[in-house]
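Visitor: So that we are looking at the same thing, I have put the structure below in structure tokens.
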Amino acid sequence: MAMVQITDARKSYEGGFEALRGVNLSIEQGEILALLGPNGAGKTTLISAICGITQPTSGLIQVGGHDVVRDYRKARALVGLVPQEINLEPFAKVRSTVEFSRGLFGLKRDDALIERILRQLSLWDKRDNSVRELSGGMKRRVLIAKALAHEPRVLFLDEPTAGVDVELRRDMWDVVAEMKRDGVTIILTTHYIEEAEAIADRVGVINKGQILLVEEKASLMQRMGQKTLRIELTDPIDAIPSSLNEYALIRAEDGGLIYTYDTRAERTGIGRLMADLSEAGLHVRDVSTAQNSLEDIFVGLVAQQEDAA
Amino acid sequence: MNWPAIGSIYSHEMMRFFRTLMQSFLSPVISTSLYFVVFGAAIGSRIDEVEGVSYGAFIVPGLIMLSVITQAISNGSFGIFFPKFTGTIYELLSAPINFFEIVIGFVGAAATKALFIGIVILGTSFLFVDLTIQHPAAMMAFMVMTGVSFALFGFIIGIWAKNFEQLQLVPLLIVTPLIFLGGSFYSISMLPPFWQTIALLNPVVYLISGFRWAFFGMADVPIAASLLAIAAFMAICLGVVWWIFRTGWRIRS
């Protein structure tokens, strides 16, 4: 059974604005799902609805089989949330604020666990500092420590690496990887596509309150991926011979050719192209292929939705 | 009920109080002493007695009420406003606790702080005036009920307030005048008849009167009316809190 099951979730605000327009999503236990979407796509609203910060207008959201509205205690006990904004009490001490987070879940004090979490996030040396003395990156670590203090089984990271330096980003990915090893389900929102590419198992694309697609990262990239073939010629050309018109070639700056093909197609047409090139008297010196990035796929999807609307 | 979580909120709130214990302790002692100097010695020497009680002693219940009410409101409102302001309220909302558990934690802590200060003022009073409390249990009960209900009231203000100005607005514009006009420093019977009738519309009159009865066995209004007033006020506050809980007003959009 899915760890997080969202069925036709809707959220509309008083002004009539619909932040979520019938979201359906199923997240398996132990996977890392990256939710990609532009600003205002509904990512944070979706997370808020799952975590209890906002009430969905309609639909059903379950965590670990528990309805987040009716059975909120059992559902929320499983969930940890790292919010997008750095929301911390400035005067609180690092350790005590993390202990407080654990207490809020009604759990007994556990010094060993808190120490382990603080060490894992390189916060142990700062444990007696007050939050306002910490740098921005350190504060973000404190937010993560707070979210982990009750040992959640599902962790939501809302834009965890927005405005974060490279080192912290790597650290964060390490923490995520370690949690995944422990079987924790992780959902992160991001608009850095490279982040999704680096750590996610599956990628969901959300825009205008709707999930446009959820798919295994690898298969997504393969299924939707267009490849480009760069052909370097022994003798650079100024114009593309008309006999090659059917291939929709682009002349590269170096006088070579660029051929775009769909990996999904039955025939990529590469063999025929090579033959036709040779027929046209062009001699191939080198070839290279490049796969489209998630970014291209993402931009394509969002553009498609805009066109449809 | 998630009592451990309530306990966490409660002790978290109390921690802030203990961090500044000296301030929490000293400021009421100093302000009470000032009241005794101004009202008790300077003015009181000309008033002598009110209904058989020395003026210095007469103002003690009013002084305590004044502080308990203002402290309960300011602690109650600030306690919940602060997480709203810093954004840490997300934590309360995503924890496996319900709104009433949150209320119990915050209001309990705010009331505790108010009671602590009430007791400090009572203790200070003994330094200045001869005081015997006729109904100590009733006195404590009144103080607790007042502390709790005004902490609840403060909590509602804290939820309502969108900024620091609004946070100060209600206490400043409504509560302080009501307290000063509520007979803290005088008996309602000292007012002209017309103003006596007006004063009876002031809920604080009933609280101070009842509280004074616990001290000296005398009251401006019947003790039953005082009990009714505080019970009604608490019921209204609970009703509003219940409504906030149902609708998520200004908390869960």
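The values are calculated or read from the model by the stated rules, or taken from the named source; none is laboratory data. No experiment lies behind these values; they were computed from the predicted model shown. Heads up, the Cβs are rebuilt from the backbone with ideal geometry, glycines too, and the neighbour counts pull from every protein chain shown.
Visitor: Scan segment A:176-189 for residues that are surrounded by fewer than 23 Cβ atoms within 10 Å (Cβ to Cβ) and closer than 17 Å to A:GLN84 by Cβ and jot them down.
Guide: A:VAL176
Visitor: Within segment A:47-54, is there a residue that is surrounded by fewer than 22 Cβ atoms within 10 Å (Cβ to Cβ), within 20 Å of the chain's Cα centre (by Cα) and closer than 24 Å to B:ILE89 by Cβ?
Guide: No, that holds for no residue.
Visitor: I've got another one for you. Which residues, counting only those in segment A:250-269, are of a type in the set (A, V, I, L, M, F, W, C), at pLDDT below 90 and surrounded by 11 or more Cβ atoms within 10 Å (Cβ to Cβ)?
Guide: A:ILE250, A:ALA252, listed by residue number.
Visitor: I've got another one for you. Among the numbered criteria (1) surrounded by fewer than 16 Cβ atoms within 10 Å (Cβ to Cβ); (2) within 7 Å of another protein chain (Cβ to nearest Cβ), which single criterion is violated by A:GLY136?
Guide: A:GLY136 satisfies all of (1) surrounded by fewer than 16 Cβ atoms within 10 Å (Cβ to Cβ); (2) within 7 Å of another protein chain (Cβ to nearest Cβ) except (2).
Visitor: Looking at B:ILE30, B:ILE47, B:ILE9, B:ILE89, which is the one that is buried (at least 23 other Cβ atoms within 10 Å of the Cβ) and out of contact with any strand residue (DSSP E or B) (no Cβ under 7 Å at 6 or more places or on another chain)?
Guide: Just one listed residue meets the conditions, B:ILE9.
Visitor: With the requirement that a residue be in contact with a Pro (Cβ under 6 Å, 6 or more places away or on another chain) and either without any contact (Cβ under 8 Å) to a residue 60 or more places away in the chain or outside any strand (DSSP E or B) (or both), what does segment A:156-191 give you?
Guide: Once the filter is applied, which keeps residues that are in contact with a Pro (Cβ under 6 Å, 6 or more places away or on another chain) and either without any contact (Cβ under 8 Å) to a residue 60 or more places away in the chain or outside any strand (DSSP E or B) (or both), segment A:156-191 yields only A:MET172.
Visitor: Which is under 21 Å from B:VAL240 (Cα atoms) and among the small types (Gly, Ala, Ser), of B:GLY183, B:GLY158?
Guide: Being under 21 Å from B:VAL240 (Cα atoms) and among the small types (Gly, Ala, Ser) holds for just one of B:GLY183, B:GLY158, which is B:GLY158.
Visitor: Another one. For segment A:26-38, state whether one or more residues are buried (at least 23 other Cβ atoms within 10 Å of the Cβ) and modelled with pLDDT under 90.
Guide: Scanning segment A:26-38 turns up at least one residue that is buried (at least 23 other Cβ atoms within 10 Å of the Cβ) and modelled with pLDDT under 90.
One line per residue, one yes/no per condition, for (1) in a helix (DSSP H, G or I); (2) modelled with pLDDT of 85 or more; (3) within 11 Å of chain A (Cβ to nearest Cβ):
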residue: B:PRO4; (1), (2), (3): yes, yes, yes
residue: B:TYR10; (1), (2), (3): yes, yes, yes
residue: B:MET14; (1), (2), (3): yes, yes, no
residue: B:GLN23; (1), (2), (3): yes, no, no
residue: B:SER27; (1), (2), (3): yes, no, no
residue: B:ILE30; (1), (2), (3): yes, yes, no
residue: B:PHE36; (1), (2), (3): yes, no, no
residue: B:PHE39; (1), (2), (3): yes, no, no
residue: B:ILE43; (1), (2), (3): yes, no, no
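Visitor: Follow-up question, since we're still on this one. Name every residue in segment A:119-175 that is β-branched (Val, Ile, Thr) and in contact with a strand residue (DSSP E or B) (Cβ under 6 Å, 6 or more places away or on another chain), in order of residue number.
Guide: A:ILE144, A:VAL154
Visitor: Might you let me know whether segment A:282-291 holds any residue that is in contact with a strand residue (DSSP E or B) (Cβ under 8 Å, 6 or more places away or on another chain), aliphatic (A, V, I, L, M) and within 29 Å of A:ALA34 (Cβ to Cβ)?
Guide: Yes, segment A:282-291 has at least one match.
Visitor: Here's a follow-up. Could you tell me whether any residue of segment B:230-240 is buried (at least 19 other Cβ atoms within 10 Å of the Cβ) and more than 30 Å from A:THR57 (Cα to Cα)?
Guide: yes
Visitor: If you go through segment A:45-57, how many residues are within 7 Å of chain B (Cβ to nearest Cβ) and within 25 Å of A:GLY30 (Cβ to Cβ)?
Guide: Count: 3.
Visitor: Filter segment A:17-41 for residues that are within 14 Å of another protein chain (Cβ to nearest Cβ) and in a loop (DSSP other than H, G, I, E, B) and give the result.
Guide: A:PHE17
Visitor: Within segment A:193-309, considering only helices (runs of 4 or more DSSP H) that don't extend past its boundaries, which have at least 2 residues that are within 25 Å of A:ILE47 (Cα to Cα)?
Guide: A:193-199, A:217-224, A:294-308
Visitor: List the number of the failed condition for A:ILE117; all other conditions in (1) touching a residue at least 24 places away in the same chain (Cβ under 8 Å); (2) over 13 Å from B:GLU91 (Cα atoms); (3) out of contact with any helix residue (DSSP H, G or I) (no Cβ under 6 Å at 6 or more places or on another chain) hold.
Guide: A:ILE117 satisfies every listed condition except (3).
Visitor: Out of B:PHE78, B:PHE116, I need the residue that is touching a Leu at 6+ places or on another chain (Cβ under 9 Å), surrounded by fewer than 22 Cβ atoms within 10 Å (Cβ to Cβ) and closer than 29 Å to A:PHE105 by Cβ. Which one?
Guide: B:PHE78
Visitor: List the number of the failed condition for A:HIS150; all other conditions in (1) within 14 Å of another protein chain (Cβ to nearest Cβ); (2) assigned to a helix (DSSP H, G or I) hold.
Guide: It is condition (2) that A:HIS150 fails.
Visitor: Could you please give the count of residues in segment B:197-253 that are part of a helix (DSSP H, G or I) and within 14 Å of another protein chain (Cβ to nearest Cβ)?
Guide: 4
Visitor: Next up: Mind checking which residues of segment A:212-249 are among the acidic types (Asp, Glu), free of Cβ contacts under 8 Å to residues at least 40 places away in the same chain and surrounded by 15 or more Cβ atoms within 10 Å (Cβ to Cβ)?
Guide: Result: A:GLU215, single match.
Visitor: Looking only at segment A:28-52, which residues are more than 16 Å from A:VAL154 (Cα to Cα) and not polar (S, T, N, Q)?
Guide: A:LEU36, A:GLY37, A:PRO38, A:GLY40, A:ALA41, A:GLY42, A:LYS43
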